[in-house]
Amino acid sequence: MRLQLALNVRDIDEAVDYYGKLFNAAPHKRRPGYANFAIDEPPLKLVLFENPDAAERVNHLGVEVFDDARVREAGHRLEAAGILSEVEEETVCCHATQTKVWSDEPQGLRWEWYRVTDETPDGEALIAPSAAAPAAIASSSAACTDESGTCCA
């Protein structure tokens, strides 16, 4: 399990450069306007959305788990507590197929518990960025599922 921090950033290239240096890590996945880092120490999934006009820097928070049972357990716990907002089964978001449950905290921040079930639903192989310059992989229509053009927003 690892925590997820999804941020809206003004400039994706600038943000990837900064966070790569901050965590001494290359992006796990990079697409135009999108990057994510799967960091081992500290255990963090850092997701960056290029969204220069966003009113808030934090897009959402999450907990990434590595088996379906953990997502179901979180869903049952949130439902029993009366704070389950949404359940998504095998939805394509953030250039991956995911199963997730959502909860909206009283002040509007969104939390998700999720598991990635397919890392490349568009069939493209992931390309590790070089140390010299981040690799951009062609955009996929499977990246975003909402009308704003930002997945998981």
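Which count do you get for residues in segment 7-26 that are outside any helix (DSSP H, G or I) and either in contact with a Gly (Cβ under 7 Å, 6 or more places away or on another chain) or open to solvent by 60 Å² or more (accessible area, probe 1.4 Å) (or both)? Don't jump to the end; show me each part of the working.
Initially, segment 7-26 is screened for residues outside any helix (DSSP H, G or I), giving 7-11, 24-26.
If we keep only those that are either in contact with a Gly (Cβ under 7 Å, 6 or more places away or on another chain) or open to solvent by 60 Å² or more (accessible area, probe 1.4 Å) (or both) as well, we get 10-11, 24, 26.
Matching residues across segment 7-26 total 4.
Of all residues in segment 1-37, exactly one satisfies the criterion of being free of Cβ contacts under 8 Å to residues at least 12 places away in the same chain and of a type in the set (A, V, I, L, M, F, W, C), namely Leu22.
Each residue in segment 1-48 was checked for being within 18 Å of Arg115 (Cβ to Cβ) and of a type in the set (Ser, Thr, Tyr), and 0 of them qualify. Which of (1) within 12 Å of the chain's Cα centre (by Cα); (2) modelled with pLDDT under 95; (3) more than 18 Å from Thr120 (Cα to Cα) is the odd one out, the single condition Ala6 does not satisfy? Here Ala6 meets the rest and fails (2).
When segment 75-100 is filtered for residues that are aliphatic (A, V, I, L, M), open to solvent by less than 60 Å² (accessible area, probe 1.4 Å) and at pLDDT 95 or above, the ones remaining, listed by number, are Leu78, Leu84. Residues that are free of Cβ contacts under 8 Å to residues at least 12 places away in the same chain and either among the charged types (D, E, K, R) or farther than 20 Å from Pro43 by Cβ (or both) within segment 61-89 comprise Arg72, Glu73, His76, Arg77, Glu79, Ala80, Ala81, Gly82, Glu89, listed in sequence order. For Val63, the criteria (1) among the β-branched types (Val, Ile, Thr); (2) open to solvent by 50 Å² or more (accessible area, probe 1.4 Å); (3) over 18 Å from Pro106 (Cα atoms) hold in every case but one, which is (2).
Taking the conditions (1) at pLDDT below 95; (2) part of a strand (DSSP E or B); (3) surrounded by 12 or more Cβ atoms within 10 Å (Cβ to Cβ) in turn, Pro121 satisfies each one other than (2).
The values are calculated or read from the model by the stated rules, or taken from the named source; none is laboratory data. All figures in this text were calculated on a predicted structure; none of them were measured in a lab. Every residue, glycine among them, receives a Cβ derived from its backbone with ideal geometry; neighbour counts consider all protein chains shown. Areas reflect the complete protein model, heavy atoms only, side chains present, ligands, DNA and RNA absent. Shrake-Rupley method; radii C 1.70, N 1.55, O 1.52, S 1.80 Å.
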